[in-house]
Number of protein chains: 2
Amino acid sequence: MNSREAKTQRGGTELGTQTGRALLSVREMLFRGDFQPGERISELPMVARLGVSRTPIRLALDRLAHEGLLEVSPSGGFVVRSFTLADIWDAIEMRGVLEGTGARLAAERLGHDRELTELRQCFEEMNAYLGPVSSIDSFARYLDLNDAFHAAVIRLAKSPMLQRSLDQVLTLPFAQPSAVVFARAKLPEAAEMFAIGQEHHRVILDAIEHRQGARAEAAAREHSGLSRRILKTVLDDREILSCVPGASLIRMPAVV
Amino acid sequence: MNSREAKTQRGGTELGTQTGRALLSVREMLFRGDFQPGERISELPMVARLGVSRTPIRLALDRLAHEGLLEVSPSGGFVVRSFTLADIWDAIEMRGVLEGTGARLAAERLGHDRELTELRQCFEEMNAYLGPVSSIDSFARYLDLNDAFHAAVIRLAKSPMLQRSLDQVLTLPFAQPSAVVFARAKLPEAAEMFAIGQEHHRVILDAIEHRQGARAEAAAREHSGLSRRILKTVLDDREILSCVPGASLIRMPAVV
DNA sequence: CATCGCATACATGTATACAATCAAATAAAG
DNA sequence: CTTTATTTGATTGTATACATGTATGCGATG
């Protein structure tokens with residue numbers, strides 16, 4: 001788990017300070033479902049729970065509010081935000097748009113062929129994990145490779161603003177590519193899903209390599225559509241859903 | 001000026017508290033060019049300058065860092081961020097992508113025809129300002145209408161994540177639609193530029209009305225391309241450039 | 001019995017005091 | 001004269017104390 005968090009832009013810089021620890025702790029508590037949607041987050045209980053003063057906690061809560069996981073109460077303070085299904089579809093659609101744009105820009109702005117090295121390595125190594133259902137740590141390795149592939153595409157887009165926008169979208173845990181991939185393993189159609197996803201990766205890589213911007217964009221967009229389909233299936237199965245981090249923040253309609 | 005600021009989402013809620021005032025003050029100081037790019041923003045001088053304590057100032061600086069106008073120094077504290085020309089083109093291109101997506105979604109998700117009322121009002125009223133070069137306050141009115149038109153399109157997209165992403169892009173002052181429109185008035189080709197921009201508005205409105213998603217997206221994308229062309233012209237004229245808020249944050253190459 | 005008003009308790013927003021870390025300047029040694 | 005080590009200064013990060021505003025519970029009154 002730690003290796004996956006350390007890879008993100010935030011993880012590295014924010015450790016070593018009380019504010020950073022508080023931020024990571026509260027975010028993890030939110031994803032784990034320690035609080036209910038709409039619940040008020042008071043600072044003093046956090047002081048008792050985390051062992052840090054109010055000031056860093058306030059900083060952390062403010063940043064989480066900017067990230068969209070909390071919202072400011074009109075009377076002051078913060079409450080846990082709740083997400084509707086529409087929010088989730090919206091986030092995934094936006095991820096498709098942004099990653100599609102990233103793939104297109106990567107194709108259009110590709111300089112030396114050397115830049116594709118990391119992308120090719122991720123793709124080849126993921127191929128090895130396709131055949132037999134492997135152990136749990138090799139599965140985690142697959143998730144890392146998946147994230148690395150997507151991150152590499154965005155890096156090739158050479159667009160800081162695109163990076164920022166996508167980072168913001170990915171703060172919603174269920175919008176992350178690995179979120180649905182995580183649940184994919186428990187589905188009956190797991191093998192086919194993995195194959196289709198990897199085929200998308202192949203097309204994206206090939207399109208970028210041959211500087212086919214429109215094709216790369218379409219493939220990346222389709223790839224997010226796969227996430228959408230999988231999540232749709234997952235939402236019907238509460239046991240699988242519990243594997244997705246942050247699932248407790250989803251306000252389900254008509255809970256039986 | 002105040003009316004334009006009050007319209008944004010931030011302006012309303014953040015007034016009435018010291019943190020909000022500090023945030024608005026520092027942001028305005030940054031846009032006005034009170035600090036040079038790369039300059040360190042210390043807290044104590046801010047205390048003396050704004051008359052508020054360190055805590056709200058720290059909160060405000062933290063939020064400005066999240067907005068992208070400041071960046072955290074590795075040794076702690078904040079420094080004024082500098083923007084390259086590449087950053088500006090990047091931001092404008094992302095604005096084109098996002099507004100294009102917004103226009104497409106608006107066309108695809110249009111419900112009752114009644115939803116177009118505000119868009120039509122903005123468009124019609126902007127037509128009135130096209131002919132003779134009017135006074136300075138009617139020009140400000142045109143800016144408001146322009147912003148309102150763009151905001152209305154995004155609202156019709158019914159996508160909170162798109163709204164958030166676009167808000168983040170628009171934190172860069174020169175990426176805002178009104179920024180270049182502001183400079184447009186001083187250009188020799190002003191009249192033609194206004195006409196072309198308004199023609200774009202017409203196509204966007206017409207495409208949304210007839211639920212032509214691809215056409216709406218293309219028109220909106222082209223509209224941001226117009227911003228890009230205008231800004232390219234403006235960048236050659238330092239006198240006009242000084243009218244654009246936040247221009248001092250741009251790191252110009254090869255300053256003669 | 002319901003409703004309005006008041007008081008109390010609590011939570012947030014702000015200010016300030018303290019500590020640790022980083023930077024620069026100065027002095028000493030090679 | 002240069003380089004390095006040490007000291008000093010300042011600035012950030014953190015903790016806590018204070019004040020203001022809000023919500024809740026109790027009592028009084030219609």
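The values are calculated or read from the model by the stated rules, or taken from the named source; none is laboratory data. This is a predicted model, so every value here is computed, not measured. Neighbour counts run over all protein chains shown; Cβ positions are idealised from the backbone, glycine included. We work out accessible area using only protein heavy atoms, side chains counted, and drop any ligands, DNA or RNA first. Shrake-Rupley method; radii C 1.70, N 1.55, O 1.52, S 1.80 Å.
Within straight-line reach of residue B:232, meaning a Cα separation under 18 Å, sit the following aspartates and glutamates at least 8 residues removed in sequence or on another chain: B:87, B:90, B:93, B:189, B:192, B:222.
Tell me: how much accessible area in total is hidden between A and B, 1.4 Å probe, Å², nearest 100? Spell out each step's value before the answer.
Working: alone 13300 and 13310 Å², together 23990 Å².
Using a 1.4 Å probe, the pair buries roughly 2600 Å².
What percent of all Cα-Cα pairs in the protein assembly as shown falls into each 20 Å bin, going from 0 up to the bin containing the maximum distance? Each 20 Å bin holds this share of Cα pairs: 20, 55, 24, 1.
Size of the dipole of chain A about the Cα centre, Lys and Arg at +1 and Asp and Glu at -1 on the beta carbon, nothing else charged, in debye to 20?
Using only the charged Cβ atoms, the result is roughly 540 debye.
Helix A:85-108 and the longest principal axis of the Cα set of chain A meet at an angle near 40°.
Based on alpha-carbon atoms, the Kirkwood radius and the radius of gyration of chain A give Rg/Rh equal to 0.99. Placing a pseudo-label 7 Å from each Cα along the Cα-to-Cβ vector at residue B:71 and residue B:236 gives an inter-label distance of 3.0 nm. Partner shielding of B:152-162 amounts to 4, given as the average count of beta-carbon atoms from other chains within 10 Å of each residue beta-carbon.
Taking R0 as 41 Å, what FRET efficiency do you get between residue B:252 and residue A:117 from their Cβ-Cβ distance, rounded to the nearest 0.05? Mind dumping the intermediate values first?
Values: r = 35 Å, r/R0 = 0.84.
My answer for the efficiency is 0.75.
Taking only protein heavy atoms and a 1.4 Å probe, the accessible area of the protein assembly as shown is 54% carbon and sulfur.
With helices as the sole contributors, chain A gives -21000 deg cm²/dmol at 222 nm; each DSSP H run of n ≥ 4 counts as -39500 (n - 2.57), and the sum is divided by every residue. The modelled label-to-label distance for the pair residue A:155/residue A:211, using points 7 Å beyond Cα in the direction of Cβ, is 2.3 nm.
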